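Participant: Below is the structure I would like to discuss, written out as structure tokens.
Please treat every number below as a calculation from the coordinates, not as lab data. This is a predicted model, so every value here is computed, not measured. As a convention, Cβ positions derive from the backbone with ideal geometry for all residues, glycine included, and neighbour counts pool all protein chains shown.
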2 protein chains.
Amino acid sequence: MSGTRDGLILGIDPGLAGTGFALFAEPNLVLACSTVVTIPGRDGARLLTITNHLRSIIAGNPPAEASIEELFMGRNATSAVGVAQARGAILNVLEECGVPVFEYKPSQVKVILTGYGNADKSQIGRMLAAQVKLPEGRLDDHARDAIAIALCHARSRKFARAATR
Amino acid sequence: MSGTRDGLILGIDPGLAGTGFALFAEPNLVLACSTVVTIPGRDGARLLTITNHLRSIIAGNPPAEASIEELFMGRNATSAVGVAQARGAILNVLEECGVPVFEYKPSQVKVILTGYGNADKSQIGRMLAAQVKLPEGRLDDHARDAIAIALCHARSRKFARAATR
């Protein structure tokens, strides 16, 4: 395993109103993270804002792999529709760009970060700060979740590779 | 309004497993319709199959406008997620290609086609056959729904324009 650009992981926390992106380099560096916030309006325009940002990230720092949460269909079906639409547009662009995508359940992210599948936001935040070198400044929820899903994939990938040695 | 190419309407019935497309020309001609069926596998690959087909339709016969059903979050949340993801990927590509999108509720489609908001599939099928020149051969549900949503937009557009004359 290396800390080279080949191993860059793009973590994504999708949403129509806000989508978080994080570029993670082994072993523990967040190169960049950003949250695209879209203004209420036509879905197509909001989705294109998100995918244009995604394309610019991929063009600037080609990730080797992307990591995204499996969609959880919770009580709020309306926001789940927005998340699913954003997710569809994002997955389509990642496929177009040839970036392999890995998906994890929210509980897997929590287990891998904190050892505990029901960890709350503050526990995840603390463990994240302890395990990775975060960018300066305050992180919003989308950016933090994007870092968490990227780290989840990094750990999971490392774990799987360790088994084959 | 005219029956020229400028007025072409692309009706779309989105789904991850199958997406229907219909190109409709005023006053009552279905120029082409098709259903893209995707095989189970990675969402990204399925979405790209759908959007590649959409791009080829747009390149071959540029539509002036697209028409798509508003997403109805029914009892089957799992299939709704697939529909929402396909819808997001499709709306993103339509926006990229500069095709304006119009959305209608399922009940609006039924009212405009049959005069009755709770019409069933067979009533819609009969009224569709009576109102438009359908392509030869048997139509599957996705293709038929794509024609219905295109026709709904054609009628709605004509109705709105009539009011301004």
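Participant: Cα-Cα over 27 Å: which of A:LYS105/A:LYS158; B:LYS121/B:LYS158; A:LYS105/B:LYS110; B:LYS105/B:LYS133; A:LYS133/A:LYS158?
Facilitator: The pairs that break the limit, which is 27 Å between Cα atoms, are A:LYS105/B:LYS110.
Participant: Between B:ALA22, B:ALA146, B:ALA89, find the one with the highest GNM mean-square fluctuation for chain B; connect C-alpha pairs within less than 10 Å.
Facilitator: In this elastic network of chain B, the residue with the biggest mean-square fluctuation among B:ALA22, B:ALA146, B:ALA89 is B:ALA89.
Participant: Taking each label point as 7 Å beyond Cα in the direction of the beta carbon, state the distances from A:ALA59 to the same residue in the other copies, shortest first, in nm.
Facilitator: Nearest first, the other copies' label points are 2.0 nm away.
Participant: In the neighborhood of A:THR164, defined by Cβ-to-Cβ distances under 14 Å, what is the net charge if each Lys or Arg adds +1 and each Asp or Glu adds -1?
Facilitator: Residues near A:THR164 contribute +4 overall.
Participant: Moving on to the next point. When Cβ neighbours within 10 Å are restricted to other protein chains, what is their mean count per residue of peptide A:64-72?
Facilitator: Across A:64-72, the average partner-chain Cβ count within 10 Å equals 1.
Participant: Normalised by the residues of chain B, what does the relative contact order come to in percent, with Cα pairs under 8 Å and at least six apart?
Facilitator: Once divided by the residue count of chain B, the mean separation gives 32 percent.
Participant: Considering the convex hull of the alpha carbon atoms of region B:98-165, report its projected area averaged over all viewing directions, in nm², one decimal.
Facilitator: Its average projected convex-hull area is 5.7 nm².
Participant: Could you tell me the center-to-center distance, by alpha carbons, between region A:48-77 and region B:98-159 in angstrom?
Facilitator: 34 Å
Participant: Still on this model: Between copies, how far does the label point of B:SER156 sit from its twins, in nm, shortest first, when each point is 7 Å from Cα along Cα→Cβ?
Facilitator: Sorted ascending, the copy-to-copy spacings read 3.9 nm.
Participant: Where is the GNM fluctuation largest for chain A (alpha-carbon springs, 10 angstrom cutoff): A:LEU16, A:LEU31, A:LEU134?
Facilitator: Sorting by GNM fluctuation, first place goes to A:LEU31.
Participant: What is the Cα coordinate range of region B:9-164 on the first, second and third principal axes, sorted by size from largest, in whole angstrom?
Facilitator: Sorted from largest, the Cα extents of region B:9-164 read 44, 35, 33 Å.
Participant: Taking the Cα centre of region A:9-164 as the origin and placing charges on Cβ (Lys, Arg +1; Asp, Glu -1), which of A:HIS53, A:ALA86, A:GLY137 is farthest toward the positive end of the dipole?
Facilitator: About the Cα centre, the residue reaching furthest to the positive side is A:GLY137.
Participant: What would the Debye formula give as log10 I(q)/I(0) at q = 0.12 Å⁻¹ for the alpha-carbon point model of the protein assembly as shown, no solvent?
Facilitator: For the protein assembly as shown at q = 0.12 Å⁻¹, log10 I(q)/I(0) is -0.83.
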